[in-house]
Amino acid sequence: MGSGIAQVAAQNGFATILFDINETVLEKAKLSIQKNLQYLVGKQKISAEQEEYIYSRINFVTDIKACVADFFIEAIVEKIEAKAAIFNQLADINNEEAIFATNTSSLFVSAIQNNIKHPHRVAGMHFFNPAPLMKLVEVVKGQQTGDDIAADIYELCKKLGKTPVMCKDAPGFIVNRVARHYYLEAMKLVEQGIATFESVDEIMEATGFKMGPFKLMDLIGMDINLAVTQSMYEAFDKEERFTPSKIQIDKVANGELGRKTGKGFYQY
């Protein structure tokens, strides 16, 4: 997700820094962005010169001290403490006008704000996977987010070629709350022996969905999809309709996370 967001920023003219503490992860991000840009060249969406220029706008770094910018989007692990910690680190080395956006898909933005130094400069900016292709971005205003900050993020989304929607800070925001049952009901069908996961995907795609629920879970990552479900299950006081599926719990326990591990519901 982080590499996809960086690509979107660079494609739309922004000088971009892509940071990760893990050099291996950063190398994978480089390869992913290069592959995506080469695909666009092959489809004649951009020229070879544009590909080179876009890639040159991205500075790949493993030292957080190199992360000096006007605007930050984090796409790290879905843990409040981790997100708050990196925002505080960045705030220490940047000016007081810097804006911080969290790409969280399930955590309360307000809960992240409660743990940081400049809560009014923080909001949600929820992209969807794959970020270079998916148009929607949910802009989430936390309890302490400044109106001007939310407005700035909304406008930035437009400059990134995205379609922003302003959301309230609620469990799952809009999309994940609605889509949760796309995954959970599909897994119930399989658990109950009513259908195979392949047939569910085939039927849903035949009715107009671009991707069936099982293919989509493999793309998103089983661990991330499960974490969102668990977060919403807790946020809604363990309502039965948000109960995590044993199928997905077992997949995560076995390290079968989808495309990123080579195996999920499908083999890659």
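Check whether at least one residue in the range 137-146 is of a type in the set (Lys, Arg), over 24 Å from residue 234 (Cα atoms) and modelled with pLDDT of 95 or more, and report yes or no.
We begin by selecting, within the range 137-146, every residue of a type in the set (Lys, Arg); these are 141.
Next, from what is left, pick out any that are over 24 Å from residue 234 (Cα atoms): none.
Checked against the condition, which is being of a type in the set (Lys, Arg), over 24 Å from residue 234 (Cα atoms) and modelled with pLDDT of 95 or more, the range 137-146 yields no hits at all.
Looking at the range 24-61, which of the residues that are open to solvent by less than 100 Å² (accessible area, probe 1.4 Å) and of a type in the set (Phe, Trp, Tyr) is nearest to the chain's Cα centre (by Cα)?
Restricting attention to the range 24-61, the residues satisfying the condition of being open to solvent by less than 100 Å² (accessible area, probe 1.4 Å) are 24-27, 29-30, 32-34, 36-37, 40-42, 46-48, 50-51, 54-61.
Now restrict to residues that are of a type in the set (Phe, Trp, Tyr): 55, 60.
Details: 55: 21, 60: 19 Å.
Checked the range 24-61; the qualifying residue nearest to the chain's Cα centre (by Cα) is 60.
Filter the range 155-178 for residues that are part of a helix (DSSP H, G or I) and of a type outside the set (A, V, I, L, M, F, W, C); which is most open to solvent (accessible area, probe 1.4 Å)? Spell out the reasoning first.
Initially, the range 155-178 is screened for residues part of a helix (DSSP H, G or I), giving 155-159, 175-178.
This time we only want the ones that are of a type outside the set (A, V, I, L, M, F, W, C), so: 155, 158-159, 176-177.
Working: 155: 89, 158: 106, 159: 136, 176: 18, 177: 96 Å².
My answer is 159.
Anything in the range 9-27 that is assigned to a loop (DSSP other than H, G, I, E, B) and of a type in the set (S, T, N, Q)? List them, or say none. Give the steps one after another, and end with the answer.
Here is the first cut: in the range 9-27, the ones assigned to a loop (DSSP other than H, G, I, E, B) are 12-15, 20-22.
If the condition is that a residue be assigned to a loop (DSSP other than H, G, I, E, B) and of a type in the set (S, T, N, Q), then 12, 22 are the ones that fit.
Do you know which of the residues in the range 132-154 that are farther than 14 Å from residue 102 by Cα and among the small types (Gly, Ala, Ser) is surrounded by the most Cβ atoms within 10 Å (Cβ to Cβ)?
146
How many residues are open to solvent by 50 Å² or more (accessible area, probe 1.4 Å), of a type outside the set (Val, Ile, Thr) and farther than 18 Å from residue 225 by Cα if we restrict to the range 66-84? Please lay out each step first, then the result.
Kept after step one, since they are open to solvent by 50 Å² or more (accessible area, probe 1.4 Å), are these residues of the range 66-84: 68, 70-71, 73, 76-77, 79, 81.
Next, from what is left, pick out any that are of a type outside the set (Val, Ile, Thr): 70-71, 79, 81.
Checking which are farther than 18 Å from residue 225 by Cα leaves us with 70-71, 81.
Looking only at that region, the number is 3.
(1) in contact with a Lys or Arg (Cβ under 7 Å, 6 or more places away or on another chain); (2) closer than 19 Å to residue 176 by Cα: which one isn't true of residue 150, the others all being true?
Failed condition: (2).
Residue 91 - would you say it is surrounded by fewer than 24 Cβ atoms within 10 Å (Cβ to Cβ) and either in contact (Cβ under 8 Å) with a residue 24 or more places away in the chain or assigned to a strand (DSSP E or B) (or both)? Even if it seems obvious, please write down each step before you answer.
On the way: surrounded by fewer than 24 Cβ atoms within 10 Å (Cβ to Cβ): yes; either in contact (Cβ under 8 Å) with a residue 24 or more places away in the chain or assigned to a strand (DSSP E or B) (or both): yes.
So residue 91 passes the test.
Hey, any hits in the range 52-62 for a residue that's free of Cβ contacts under 8 Å to residues at least 12 places away in the same chain, over 30 Å from residue 232 (Cβ atoms) and assigned to a loop (DSSP other than H, G, I, E, B)? Lay out the reasoning, then the answer.
So in the range 52-62, the residues free of Cβ contacts under 8 Å to residues at least 12 places away in the same chain come out as 52-53, 56.
Subsequent filtering for residues that are over 30 Å from residue 232 (Cβ atoms) retains 52-53, 56.
Subsequent filtering for residues that are assigned to a loop (DSSP other than H, G, I, E, B) retains none.
No; the residues of the range 52-62 include none that is free of Cβ contacts under 8 Å to residues at least 12 places away in the same chain, over 30 Å from residue 232 (Cβ atoms) and assigned to a loop (DSSP other than H, G, I, E, B).
Mind checking whether some residue in the range 245-252 is among the hydroxyl-bearing types (Ser, Thr, Tyr), open to solvent by less than 30 Å² (accessible area, probe 1.4 Å) and at pLDDT below 95? Full working, then the answer.
To start, the set of residues in the range 245-252 that are among the hydroxyl-bearing types (Ser, Thr, Tyr) comprises 245.
With open to solvent by less than 30 Å² (accessible area, probe 1.4 Å) added as a condition, the list becomes 245.
If we keep only those that are at pLDDT below 95 too, we end up with none.
Within the range 245-252, none of the residues are among the hydroxyl-bearing types (Ser, Thr, Tyr), open to solvent by less than 30 Å² (accessible area, probe 1.4 Å) and at pLDDT below 95.
On the basis of being touching a Lys or Arg at 6+ places or on another chain (Cβ under 9 Å), open to solvent by 30 Å² or more (accessible area, probe 1.4 Å) and either of a type in the set (Ser, Thr, Tyr) or at pLDDT 95 or above (or both), does residue 187 make the cut?
On the way: touching a Lys or Arg at 6+ places or on another chain (Cβ under 9 Å): yes; open to solvent by 30 Å² or more (accessible area, probe 1.4 Å): no; either of a type in the set (Ser, Thr, Tyr) or at pLDDT 95 or above (or both): yes.
Taking the combined requirement at face value, the residue does not satisfy it.
The values are calculated or read from the model by the stated rules, or taken from the named source; none is laboratory data. As the structure is a prediction and not an experimental result, all values here were calculated from the model. Neighbour counts are summed over all protein chains in view; Cβ atoms, including those assigned to glycine, are modelled from backbone coordinates with ideal geometry. We work out accessible area using only protein heavy atoms, side chains counted, and drop any ligands, DNA or RNA first. Shrake-Rupley method; radii C 1.70, N 1.55, O 1.52, S 1.80 Å.
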